[in-house]
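Working notes for the structure below.
The values are calculated or read from the model by the stated rules, or taken from the named source; none is laboratory data. What you see is a predicted model; the values in this text were computed from it and never measured. Because the Cβ atoms are built from the backbone with ideal geometry, glycine has one as well, and the counts that use them run over all protein chains shown. We work out accessible area using only protein heavy atoms, side chains counted, and drop any ligands, DNA or RNA first. Shrake-Rupley method; radii C 1.70, N 1.55, O 1.52, S 1.80 Å.
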Amino acid sequence: ISYDLELWLWLFALTFHYAFLVVVLRHLRFFLEPVPYAVQLLGVVDTFLQIGTPVISMSSFVLAGAVLFLFLRRIWLPQIRYISLAADYFPLFLIFGIAFTGIFMRYITKIDVTAAKALTYGLVSFHLPAMAEMQAIAPIFYIHLFFVSVLLAYFPFSKLMHLGGVFLSPTRNLPNNTRAARHVNP
């Protein structure tokens, strides 16, 4: 048995995770008032190239590119395509939908950001704004919110919970004394 070194997989998986983390942390500005300085600083670092108006945030395009690479890798390589299930494609489509609608909202169509912030803050605090404010938001925002909600509902019951295995792994939590003590399965 031989294994090839998957440097491109590791590179794009790491960029995907870090870009997703930056995107999630930058979205804290919609849920917190006042916006913490660390979130503002992260926004400045993410948009340091100052290209275009609105300023291009690198993390959104890195996230979309990394998800696209992971999807194309799953389709292109016959060994990976053979072992792939619908449960492997579904989160990729959700995350790509989130990234695409987010990029679309920021750079192509404009939405009322203050109304969107009022809605998201109202969802978090269980005090929804008036219906007139909610109707002022473009429908693409609700599509984006739908993708995010489906991903959050799907997340705990899917393979995406691989981070939980780091803390719940028996090799991490059980003593390594198999030679000193005999462990019998009850």
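Note on the range 66-116: residues that are over 30 Å from P34 (Cβ atoms) and under 14 Å from the mean Cα position of the chain (by Cα) amount to 12. In the range 65-76, is there at least one residue being open to solvent by 60 Å² or more (accessible area, probe 1.4 Å) and either touching a residue at least 12 places away in the same chain (Cβ under 8 Å) or in contact with a Cys (Cβ under 7 Å, 6 or more places away or on another chain) (or both)? The answer is yes, given that some residue of the range 65-76 is open to solvent by 60 Å² or more (accessible area, probe 1.4 Å) and either touching a residue at least 12 places away in the same chain (Cβ under 8 Å) or in contact with a Cys (Cβ under 7 Å, 6 or more places away or on another chain) (or both). Determine if the range 141-163 includes at least one residue that is at pLDDT 80 or above, touching a helix residue (DSSP H, G or I) at 6+ places or on another chain (Cβ under 6 Å) and among the small types (G, A, S). No, that holds for no residue.
Here's the yes/no breakdown for (1) open to solvent by 20 Å² or more (accessible area, probe 1.4 Å); (2) modelled with pLDDT of 95 or more; (3) farther than 15 Å from L160 by Cβ; (4) of a type in the set (F, W, Y):
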| site | (1), (2), (3), (4) |
| --- | --- |
| D46 | no, no, yes, no |
| I51 | yes, no, yes, no |
| M58 | yes, no, yes, no |
| L85 | yes, no, no, no |
| Y89 | yes, no, no, yes |
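Take the residues in the range 151-167 that are closer than 14 Å to Y89 by Cβ and among the aliphatic types (A, V, I, L, M); name whichever of them is surrounded by the fewest Cβ atoms within 10 Å (Cβ to Cβ).
Here is the first cut: in the range 151-167, the residues closer than 14 Å to Y89 by Cβ are 151, 154, 158-160.
Filter once more, so that each one left must be among the aliphatic types (A, V, I, L, M): 151, 160.
Values: L151: 17, L160: 15.
This residue is L160.
The requirement of being over 21 Å from the mean Cα position of the chain (by Cα), acidic (D, E), open to solvent by 100 Å² or more (accessible area, probe 1.4 Å) and farther than 19 Å from I103 by Cβ is satisfied by E33.
Which ones in the range 147-171 are among the aliphatic types (A, V, I, L, M) and over 16 Å from the mean Cα position of the chain (by Cα)? I'd like the intermediate steps shown before the answer.
Kept after step one, since they are among the aliphatic types (A, V, I, L, M), are these residues of the range 147-171: 148, 150-153, 160-161, 163, 166, 168.
V166, L168, listed by residue number.
Can you list the helices (runs of 4 or more DSSP H) found entirely within the range 94-165 that contain at least 2 residues being in contact (Cβ under 8 Å) with a residue 60 or more places away in the chain? Helices (runs of 4 or more DSSP H) meeting the threshold: 113-125, 139-154.
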